[in-house]
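Below: the structure, in structure tokens.
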Amino acid sequence: MRSIRGFAQSMVSRAHTLKTKLFPPPPQLEPVERVVVTARAERTRREAQQYFATPERKGLLECVVSSISTGADLTDYYVLHHYIVTRRPRRILELGSGVTSVIMAHALREVAEADPSRPPGHLETMEDLPAFHADAQRLCSPALRPFVTYSLSGLHMERKGQLWMFCYVSLPPGPFDLVFVDGPLAKRDGKTGVNGDVLRLMELAPDAALDVVIDNRLPTCIGLAPYFPERLLVFDQALRIGCMRGMSGRALRAQPARSRPLPDVDVFEHLGIKRWDNGAPTLGA
Ligand SMILES: C[S@@+](CC[C@H](N)C(=O)[O-])C[C@H]1O[C@@H](n2cnc3c(N)ncnc32)[C@H](O)[C@@H]1O
């Protein structure tokens, strides 16, 4: 008869095999690729430091130190802020509120102040944990409040193929131009899941072309990749950000899915935005 220890070891090994099958490790980088990725990460970090040192953005990052929430980092803030200032999305949805909500609200205000004739953009941000919902709102200054709506919502968990998909129950009505996926936590009620809201949004508003940024959630990127055509969903290995440009649910239905493994592509290149060039005007570039 097998010992309890042997049984436990075999269960651990089976769980490991299943996990590896569901979430295969990202493709290993060749040494040369690693050098390129590291250089890209360092370059982006330097750009981000300069980006947030400009007079209009100085002080914006102070909210980071007082937040109880952990999450995105400086280069993520740069990607999100710069994306909004250059592409000027009207409706943004964030999944997982926190410092990033303030960063995006600030970018929306920058756009609105630069061109008051345009209707201002708005951020809807979702959170499922009350403590982080309260903390996220505390971080937001009164001047930025008109640009963001904070919502607390429970989670809905559904099985899709071999994956658990976690979705926020009460998503605000879309359509959205940009979705930033940074929540919910990957483990809930003993289940490990990936965010399923992007697929849901594409069903709810099939004609809306959606840009998607996914922060450091490789399992979500790997779990979603098979639903999309080749090279649509990519993962920037330097910044640890997944992204997808301009996909609608209707276009998706017309194209063959399956993209595995995730290609490493510069997030700026994939989203079609120029990197910030210190001194050059970027608004609406
Ligand atoms: C990675 S956080 C993202 C927060 C926000 N997007 C940001 O980067 O500022 C994702 C989710 O994890 C949860 N969370 C945040 N900070 C946490 C912490 N320190 N410990 C446990 N969960 C946390 C919250 O529910 C949040 O929505």
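The values are calculated or read from the model by the stated rules, or taken from the named source; none is laboratory data. Since this is a predicted model, take the numbers as computed values, not measurements. No Cβ is skipped: glycine too gets one built from the backbone with ideal geometry, and neighbour counts run over all protein chains shown.
Could you please find all residues in segment 45-57 being within 16 Å of the ligand (Cβ to nearest atom) and assigned to a loop (DSSP other than H, G, I, E, B)? Can you show your working first?
Step one: of segment 45-57, the residues within 16 Å of the ligand (Cβ to nearest atom) are 48, 52.
Hit for segment 45-57 is Phe52, nothing else.
Within segment 157-170, which residues are over 23 Å from Asp76 (Cα atoms) and in a strand (DSSP E or B)? First the steps, then the outcome.
The initial filter retains those residues of segment 157-170 that are over 23 Å from Asp76 (Cα atoms), namely 157-165, 169-170.
Passing the criteria: Met157, Glu158, Arg159, Lys160, Leu163, Trp164, Met165.
Conditions tested, residue by residue: (1) buried (at least 16 other Cβ atoms within 10 Å of the Cβ); (2) within 14 Å of Ser101 (Cα to Cα).
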residue	(1), (2)
Arg34	no, no
Ala39	no, no
Tyr51	yes, no
Glu56	no, no
Glu62	no, yes
Asp76	yes, yes
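Let's see how each residue does on (1) outside any helix (DSSP H, G or I); (2) in contact (Cβ under 8 Å) with a residue 60 or more places away in the chain; (3) among the aliphatic types (A, V, I, L, M):
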site: His82; (1), (2), (3): no, yes, no
site: Ile92; (1), (2), (3): yes, yes, yes
site: Ala107; (1), (2), (3): no, no, yes
site: Pro120; (1), (2), (3): yes, no, no
site: Phe132; (1), (2), (3): no, yes, no
* Asked: Just to be sure, is Ile103 assigned to a strand (DSSP E or B) and under 30 Å from Arg46 (Cβ atoms)?
  -> no
Filtering segment 171-194 for residues that are within 14 Å of the ligand (Cβ to nearest atom) and either among the β-branched types (Val, Ile, Thr) or not in a loop (DSSP other than H, G, I, E, B) (or both) leaves a count of 8
When every residue in segment 134-153 that is within 12 Å of the ligand (Cβ to nearest atom) and in a loop (DSSP other than H, G, I, E, B) is compared, the one farthest from Glu62 (Cα to Cα) is Ser153
Quiz item: Before we move on, is Gly121 away from the ligand (no atom under 12 Å from the Cβ), modelled with pLDDT of 95 or more and crowded, with 20+ Cβ neighbours inside 10 Å?
Solution: yes
Exception for Glu203 within (1) acidic (Asp, Glu); (2) at pLDDT 95 or above; (3) part of a helix (DSSP H, G or I) falls at (2)
Within segment 236-256, residues being out of contact with any Pro (no Cβ under 7 Å at 6 or more places or on another chain) and outside any loop (DSSP other than H, G, I, E, B) number 12
Note to self: Against the definition (at pLDDT below 95, outside any helix (DSSP H, G or I) and either more than 13 Å from the ligand (Cβ to nearest atom) or not charged (D, E, K, R) (or both)), how does Leu60 come out, yes or no?
What the structure shows: yes
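For every residue, the table says whether it meets (1) over 18 Å from Val102 (Cα atoms); (2) touching a residue at least 40 places away in the same chain (Cβ under 8 Å); (3) charged (D, E, K, R).
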| residue | (1), (2), (3) |
| --- | --- |
| Leu139 | no, yes, no |
| Thr149 | no, no, no |
| Leu171 | yes, yes, no |
| Val194 | yes, no, no |
| Asp215 | no, yes, yes |
| Arg231 | yes, no, yes |
| Gln237 | yes, yes, no |
Note on Gly223: of the conditions (1) within 17 Å of the chain's Cα centre (by Cα); (2) within 14 Å of the ligand (Cβ to nearest atom); (3) among the small types (Gly, Ala, Ser), unmet is (2)
Would you say Ser66 is among the polar types (S, T, N, Q) and either more than 9 Å from the ligand (Cβ to nearest atom) or over 19 Å from Pro184 (Cβ atoms) (or both)?
-> yes
Within segment 90-104, residues buried (at least 20 other Cβ atoms within 10 Å of the Cβ) and more than 9 Å from the ligand (Cβ to nearest atom) come out as Ile92, Leu93, Met104
